[in-house]
Amino acid sequence: MKTRRGILVTVLNPLLALTMGSFILPQTVAAASDHFEHNLYGTYAYLFTGTVFLPPPFDAFNGPFFRVGQLVADGKGNLTVSYIGNFNGSVSRGTFAATYTFTSANNFFLTIPNAPIPGIPSEVPTILTMDGVLADNGKVAKCVLSGVSIAGQTPPNIGSVISGDILKQ
């Protein structure tokens, strides 16, 4: 036969565990969502559109721009990107690597070294940068072209206007 104390322990221990669990659970869920809110990880589809305006002698493909593809983010700052692009009617396909860093909770900075741009020979170094914001717990990102460097020269006015969406698959 159990004593009153034994009955209380038998009844209260599970209740105490349930109560403590309810305090711990929301913190665990919040921590998990922080990971996705502050990082890119996994496979995403993207679409970028705009107008390309490059200075001579790289201006042969100036005009409307469209690029669609898939990017894979490793969650550690590295991207592998595949694409189909259209520069003023000239279609190209390929892959390239890029990196990203977060500048604040949901804002990030993409760097694309040696970006594949028709009309610019592959031996001419290029760097494109984009600023982005992550939303919907890491499922959506919006980006805009924020910097261009060709052969080590950064024009005072980017000239090109490109923006796009990145969607988690």
Practice task
Collect the residues in the stretch 85-115 that are in contact with a Lys or Arg (Cβ under 8 Å, 6 or more places away or on another chain) and among the polar types (S, T, N, Q), keeping them in residue-number order.
Solution key: Asn86
Fill in the blank from the handout: Exception for Thr103 within (1) among the polar types (S, T, N, Q); (2) under 19 Å from Gly42 (Cβ atoms); (3) touching a strand residue (DSSP E or B) at 6+ places or on another chain (Cβ under 7 Å) falls at (2)
Exercise for the section: For the stretch 21-59, enumerate the residues that are aromatic (Phe, Trp, Tyr) and at pLDDT below 85. Expected result: Phe23, Phe36, Phe58
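For the stretch 74-118, which residues satisfy the criterion of being of a type in the set (A, V, I, L, M) and exposed (fewer than 15 other Cβ atoms within 10 Å of the Cβ)? Break it down into steps so the answer makes sense when it comes.
At the first step, the residues of the stretch 74-118 found to be of a type in the set (A, V, I, L, M) are 79, 81, 84, 91, 97-98, 105, 110, 112, 115, 117.
Within the stretch 74-118, Ile84, Val91, Ala97, Ala105 meet the criteria.
The values are calculated or read from the model by the stated rules, or taken from the named source; none is laboratory data. Predicted model only: the values in this text are computed from it and were never measured. Ideal geometry is used to build each Cβ from the backbone, glycine not excepted, and the neighbour counts take in all protein chains shown.
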